[in-house]
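Since the structure comes first, as structure tokens, the remarks are kept for the end.
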Amino acid sequence: MFVGEHIVKLDSAGRVLFPSVLKRQLKGGDQDGFVIKRDVFESCLVLYPMHEWERQNAILQQKLNPYKREHSRFMRMFYRGTAELFLDSNNRLLLPKRLTGEIGAKKDLVFAGLDTKIEIWPHEVWKELNVDEDFGSLAEKILGQSDNPIVEE
């Protein structure tokens, strides 16, 4: 599980030093690699450890039929621009320039841990994101339903 927000520098070659805190949060086999892609909803990138990417693909395979035109179109858009990444010997990732360009990344990026994935945002955009003022109402709507109990200790 990934938690925390970490500012990293993007060098001219498109490399970033992977935050050591996030590296410690990786499970043993997760250091085998990542898949990066553009987010479905936001103008950011999403970095999946390989095991999580495989889990996401299993979910898609259960729900999609490649012989239905709409499903095939969705798959094409979902996988568009994906890339496999690996940490180098200096714990750096080489981010594809086409993807960093799509989100307007310049120099500073934010790696934001979000449970099983890491979102990558341009720092300037991240600073402007406001936590929804109605977050309490949203939490109540999603988590406060009787069919979704949360045990408090």
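Where a number appears in this text, it was derived from the coordinates with a stated rule and is not lab data. Everything quoted here is computed from the prediction, not taken from an experiment. Here Cβ is always computed from backbone atoms with ideal geometry, including for glycine, and neighbour counts include all displayed protein chains.
Arranged by the count of other C-beta atoms within 10 angstrom, fewest first, what order do Trp53, Trp126 take? Mind dumping the intermediate values first?
On the way: Trp53 21, Trp126 18.
Ascending Cβ contact count within 10 Å gives the list Trp126, Trp53.
So I have (1) 2.21; (2) 1.16; (3) 1.30, and one of them is Cα Rg over 2.2 N^0.38 Å calculated from this model. Which one is it?
Of the listed options (1) 2.21; (2) 1.16; (3) 1.30, (2) comes from this structure.
Given 0.36 nm per residue, what is the gain on full extension from Lys106 to Leu17 after removing their alpha carbon distance, in nm? It would help to have the intermediate numbers written out before the result.
Details: separation 89, 0.36 × 89 = 32.04 nm, distance 1.51 nm.
Here the segment from Lys106 to Leu17 would lengthen by 30.5 nm.
Would you compute the Debye intensity of the stretch 38-123 from its alpha-carbon atoms alone, equal scatterers and no solvent, and pass along log10 I(q)/I(0) at q = 0.21 Å⁻¹ to two decimals?
-1.13
What are the ³J(HN,Hα) values, in whole Hz, obtained from phi via the Karplus relation 6.51 cos²θ - 1.76 cosθ + 1.60 with θ = phi - 60°, for each residue of the stretch 41-47 in sequence order, with x given for Gly and Pro?
3J(HN,Hα) across the stretch 41-47, in whole Hz: 10, 10, 8, 9, 9, 10, 10.
Using alpha carbons only, how many angstrom separate the centre of the stretch 53-82 from the centre of the stretch 84-111?
24 Å
May I ask you to derive the relative contact order of the stretch 5-143, considering only C-alpha pairs under 8 Å and at least 6 residues apart, and to give it as an integer percent?
Numbers: 183 pairs, mean separation 46.4, N = 139.
Relative contact order for the stretch 5-143 comes out at 33 percent.
Counting only pairs 8 or more places apart or on different chains, how many lysine pairs in the stretch 1-147 have C-alpha atoms closer than 16 Å?
Value for the stretch 1-147: 12.
Near the amide H of Leu10, under 5 Å away, which other amide H atoms are found, from residues 5 or more places off or on another chain, if H is placed in the peptide plane?
Asp108, Leu109
Once phi is turned into θ = phi - 60°, what whole-Hz ³J(HN,Hα) does the Karplus curve with 6.51, -1.76 and 1.60 give for every residue of the stretch 94-106, x standing for Gly and Pro?
Computed from phi, the couplings for the stretch 94-106 are 9, 7, x, 4, 4, 6, 5, x, 5, 9, x, 5, 10 Hz.
When the Karplus curve 6.51 cos²θ - 1.76 cosθ + 1.60 is applied with θ = phi - 60°, which whole-Hz ³J(HN,Hα) does each residue of the stretch 6-18 get, with x for Gly and Pro?
9, 8, 10, 9, 8, 7, 5, 8, x, 9, 10, 7, 5
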